[in-house]
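J.: Just dropping this structure here.
The values are calculated or read from the model by the stated rules, or taken from the named source; none is laboratory data. Here the structure is a predicted model, which means the values were calculated and not measured. Every residue, glycine as well, gets a Cβ built from its backbone with ideal geometry; the counts of neighbours run over all protein chains shown. SASA here: full protein model, heavy atoms, side chains in, ligands and nucleic acids out. Shrake-Rupley method; radii C 1.70, N 1.55, O 1.52, S 1.80 Å.
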Amino acid sequence: MPLFFQLPSHTKGLTNITGCDIFNPMISEHVNKFIMHKKYFYTLIILFTLILLSDSAFSYWIWTPRNNKWSNPKYAVKDTPDEQIEWAMSFYDGGEYTKAIAEFEKLIKNYPNSIHSPAAQYYAGRSYEAIDDYYEAFLAYQRTIDKYPYNERVDEIIEREYKIGSLFVEGQKAKIMGLKILPAMDKAVEVFTKVVENAPYGRYADLSQFKIGEAYKNDGFYEEAVLAYQKLIDDYPKSPLVEDAKYQIALSTYYVSRDPAYDQEFTDRAIDEYKRLIEETADIELNQEARTALDRLREKKAMSTFETAEFYERNGHPQSALVYYKDVAENYSDTAIAARAIEKVTRLEKRGAGSE
């Protein structure tokens, strides 16, 4: 089946590429030889396709004598910052947020010292928020503070950053290639850290510091969580979150102690943290939660000590075993394993283990 192309005016005379009639007679003989080879024929097809596309492609570009450059009106900035901000806001107000972002960024790039630049940076953040790209929104807001620290929207921006961080802590995923697929606890830490840095004595400072701890804890980084909570206690001692931070320190230490990779040091630390919390907190509910957690830890510690005693007993070291059984019987007498420990102590002492 013959293949036809509608060619641009500068290729007039080329009509049917399946025969040599597409060329002027004076060159047809040469072309016939050329297209006899299949690979050259396909090369010719590609070249003709590029020629066909060239007219439409070049129609988007304009030569500007003033600056001796080709420019594409699609990417051009308006002649003044006033016109550019008005043009960008028309997209924002119309709900075309992706286009608005592009136009706000043109203003920022081409008119960095304009009185409209802070607003453009701010509304770029608002536009990213509108399309649920919260991390990019945060970056745009932070650039507003970094570049224009005295602009009138700083307090509002910090509040918006705090809310974005909270979304990440609550499970909002970060986008990659437009898809929400990345866990975002690390983003939460980044956002809340900036909130604290932006206004260390502001309304959201202690809240953000607390949520840094929450983000680390949610992600399983319990030691980092402990440090974050302790920073809140140290930096904001009058914060209403201090007692909750103490509880979270004890809880995070407890979570570390459950990991087999860690020794009993973390269990002991968790027990100490809960004891301190019980002594210091006036919150009845928090006090009860701490006591419940402390009881669990003491049960765990007692069982671990009892198992150590059994190990020594099985391996022919009754005196060492007796030391650990006595520890359980005397210091963890309120635990479920204490009765068995007392029986073991009685049995070993009858055998004379204590006199070895």
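J.: To the nearest 10 square angstrom, what accessible area does VAL256 show with a 1.4 Å probe?
T.: 10
J.: Could you list the residues of segment 271-310 with an amide nitrogen less than 15 Å from a label point located 7 Å from the Cα of ILE233 in the Cα-to-C-beta direction?
T.: Only 271-283, 287, 290 pass the distance filter.
J.: What full-extension length gain, to one decimal in nm, is calculated for GLU170 and ASP79 as 0.36 nm per residue of separation minus the Cα-Cα distance?
T.: Numbers: separation 91, 0.36 × 91 = 32.76 nm, distance 4.43 nm.
Result: 28.3 nm gained on full extension.
J.: Still on this structure, I have one more. When Lys and Arg each count +1 and Asp and Glu each count -1, what net charge do the other residues less than 11 Å away from ALA100, Cβ to Cβ, add up to? Each step should come with its number before you reach the end.
T.: Numbers: positive: LYS99, LYS106, ARG126; negative: ASP93, GLU96, GLU103, GLU105.
Net local charge, ALA100 excluded: -1.
J.: Something else about it: Which links in LYS147/LYS217; LYS300/LYS350; LYS211/LYS238; LYS194/LYS217 stretch past 21 Å when you go from one Cα to the other?
T.: Violating the 21 Å limit, Cα to Cα: LYS147/LYS217; LYS300/LYS350.
J.: Show me 268-277, 343-352 ranked by packing, highest mean number of other Cβ atoms within 10 Å first.
T.: Working: 268-277: 19.7, 343-352: 15.0.
With the highest mean Cβ count within 10 Å placed first, the list reads 268-277, 343-352.
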